[in-house]
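Data block below; observations after.
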Amino acid sequence: MMAWFLPAITALTPLVVIYSLARPHVGQSLVFRVFVFIAAGLLGFGWSMGWRPLPHRPTLPMVLGALGIVSILISLIDSRVPLFSLKQAMLPLCGFLYFCLIVATPERRALLDRLCLAIAVVSVLLSLQGIGQYVGIDIIYYSGDIPKNSVVATIGHPNYLSSVLGPALFLLLSFAFTNTSRRHGLLIGIGAVVILFCIVLTRARSVWLGVLCGFGAVLLLALRYCYAARIGRRWIRSLVMGALLSLLALGIGLFVILPAVGAPVSFKGRFTLGIEIKSRFYYWYAAYDRAMEKPILGQGYAMFDPMFWDYAVAQQKSPMGPYFHNLLPAISGSSPGHVHNEYLEVFCEQGLFGLACQMAFLGFFAYFGILAIMRQTSPARAFRDIAVYGAFVTNLVNALFSFPWRLPISLIVSMVILAWIYDSVYPRPAITEA
């Protein structure tokens, strides 16, 4: 049942839109949590009835992930509003539970293929909708808080959409190594160009940087694997040609097609130090100061945003206040929501204990993911793993400037990526692992 239920969750959650909300991810988060708890209940019932064998000893990444969840729960002790923190903590809890459901499935290789396919197809559809929104074609009518022609698809914000599309681009490209037919490759190429085109239109700088770093990681790992495995140059030639053709198609779309339909793209101001970038630096400064007040266990999960303006008012009275007096009026009347840096936000809200758990968890996949690639004997499988590792790198870089792991759809994509790397490190079915 899980082999089809989890892909259904993955494919349907992004399609949930609450029309009256400026941020549709609120409804998507609720749907994701409900479905994950249902799936966990079904699996638990199967274990209790003996229909499914219980898994053996937990592996190291499972222990590290569980410690991360424990750090979230411990942080509730110091939270000003524990019930609020607990409510917000349901999303990462369900995200880790979703990861566990994937890796606990005996046929998880087939499940991961279906999950990646679901993400790839949905991402292309979201990209087509985002491109349509940019040129003024949209079938969804959001509240007035979302500007017209904003590239948001069903996610509700350009940055949120790009946090999904960036890693999904690499998941789609991973299918290029499963089939050598020209039709198959053509469809993947078209889909990749559509996703890349939409990423550019979102004007999300952190994802642009993440995708560039992801492609850099793919190229370096591909070269290293080809050298170690002593295989021909065909794989590298295919990668380079595919990248060049994608860039050519992207350039034609940006500088020929869009101006022709009266919707030219302007990137002026996206590379300058505007108020948006300055405000991010201030959020980081505030998060660090708050973290140093309770460095061990943190301020409590999801408490950065409720405590931000208390900090800002008090900070204005300090000797550092004059350095930020011209910034606060520009961001007044709004809430930062998050630190816009996943690592600093964990340090602020969960302290050094939570940050250490997060770094250990991600570090496991970063290190052992590369080792798993290098020991692959099948070039096709190795290059699929390399493409997924590119998605992993994209996520890590994007998390430096955004909060992809606190949004339901990008969290789903992130957990699928980690589950894929997990399956590469532990290639046997999870129920027989030691």
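Quick note: the coordinates plus some simple rules give every number you see, no bench work behind them. Because the structure is a prediction, the values reported are computed rather than measured. Every residue, glycine among them, receives a Cβ derived from its backbone with ideal geometry; neighbour counts consider all protein chains shown.
Here each label is just a point 7 Å from Cα along the line to Cβ, and for residue 352 and residue 183 those points are 6.1 nm apart. The residue 293 and residue 66 beta-carbon pair, evaluated with R₀ = 30 Å, returns a calculated FRET efficiency of approximately 0.65. Modelled label positions at residue 228 and residue 381, each set 7 Å beyond Cα in the direction of Cβ, lie 1.5 nm from each other.
When both segment 49-124 and segment 334-409 are represented by their alpha-carbon centers, they are found 14 Å apart.
Projecting label points 7 angstrom from Cα along Cα→Cβ for residue 30 and residue 281 puts them 4.0 nm apart. Rounded if a/c is under 1.5, else prolate if a/b beats b/c, else oblate: with a ≥ b ≥ c from the C-alpha gyration tensor eigenvalues square-rooted, which is segment 333-378? Oblate is the answer for segment 333-378, as a/c is 1.5 or above yet b/c matches or exceeds a/b.
Length gained on full extension, residue 317 to residue 371: 14.3 nm, using 0.36 nm per residue less the C-alpha separation. Going from the residue with the fewest nearby Cβ atoms within 10 Å to the one with the most, 357, 226 rank 226, 357.
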